[in-house]
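Inspection log for the structure reproduced underneath, given as structure tokens.
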Amino acid sequence: QVQLVESGGGLVQPGGSLRLSCAASGSRFSGAAMAWYRQAPGKQRELVATITSGGTTYYADSVKGRFTISRDNTKNTMSLQMNSLKLEDTATYYCHHVGWSGSGRYVDVWGQGTLVTVSS
């Protein structure tokens, strides 16, 4: 059973910064593909950034240059450093895992989400 727990969301002013974290348990974490998604009210969930098991990263154009995704395989965690935040970054941010569980099943798992509100 893979479980993901996000933390770090909150209220920030435009131009401010937040760091989101995702803690994974029950996962063969080092081999998993990880990602951050976000969803604003009335909109579809969209991909923000991904990081492969080998450390290759991808960013949506809307966040490129402002956000940084990283992972620490020794701690089974993934982070998203968000700088120069804009009003349009307001959304619930979700951690996503695709890979093997500790019990040997290939699973697609989402975290519960953490709310980021950018407002003046």
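The values are calculated or read from the model by the stated rules, or taken from the named source; none is laboratory data. Since the model is a prediction, treat every value here as computed from it, not as a measurement. Every residue, glycine among them, receives a Cβ derived from its backbone with ideal geometry; neighbour counts consider all protein chains shown. SASA here: full protein model, heavy atoms, side chains in, ligands and nucleic acids out. Shrake-Rupley method; radii C 1.70, N 1.55, O 1.52, S 1.80 Å.
In the context of the full protein assembly, Lys86 retains an accessible surface of approximately 90 Å², using a probe radius of 1.4 Å and ignoring ligands and nucleic acids. About the centre of its Cα atoms, the chain shows a dipole size close to 120 debye [charges on the beta carbon of Lys, Arg (+1) and Asp, Glu (-1) only; nearest 20 debye].
For Gly113, nonlocal amide neighbours, meaning residues 5 or more places apart or on other chains whose placed amide H falls under 5 Å from its own, are Glu6, Cys95. Pairs of Cα atoms nearer than 8 Å and 6+ residues apart set the relative contact order; for the stretch 20-90 it is 32 percent.
A protection proxy built from the mean count of other Cβ atoms within 10 Å ranks the segments 7-20, 28-41, most packed first, as 28-41, 7-20. Measuring only protein heavy atoms, the 1.4 Å probe finds Asp61 accessible over about 130 Å². Ordering Ser84, Val107, Thr117 by the projection of their Cα atoms onto the charge dipole of the stretch 61-120, which places +1 on the Cβ of Lys and Arg and -1 on the Cβ of Asp and Glu, puts Val107 at the extreme positive end. When you restrict to C-alpha pairs under 8 Å that are six or more residues apart and normalise by the size of the chain, the relative contact order lands at 37 percent. Using the Cβ of Tyr37 as centre and a radius below 14 Å, the other residues enclosed give a net charge of -1, where K and R count +1 and D and E count -1.
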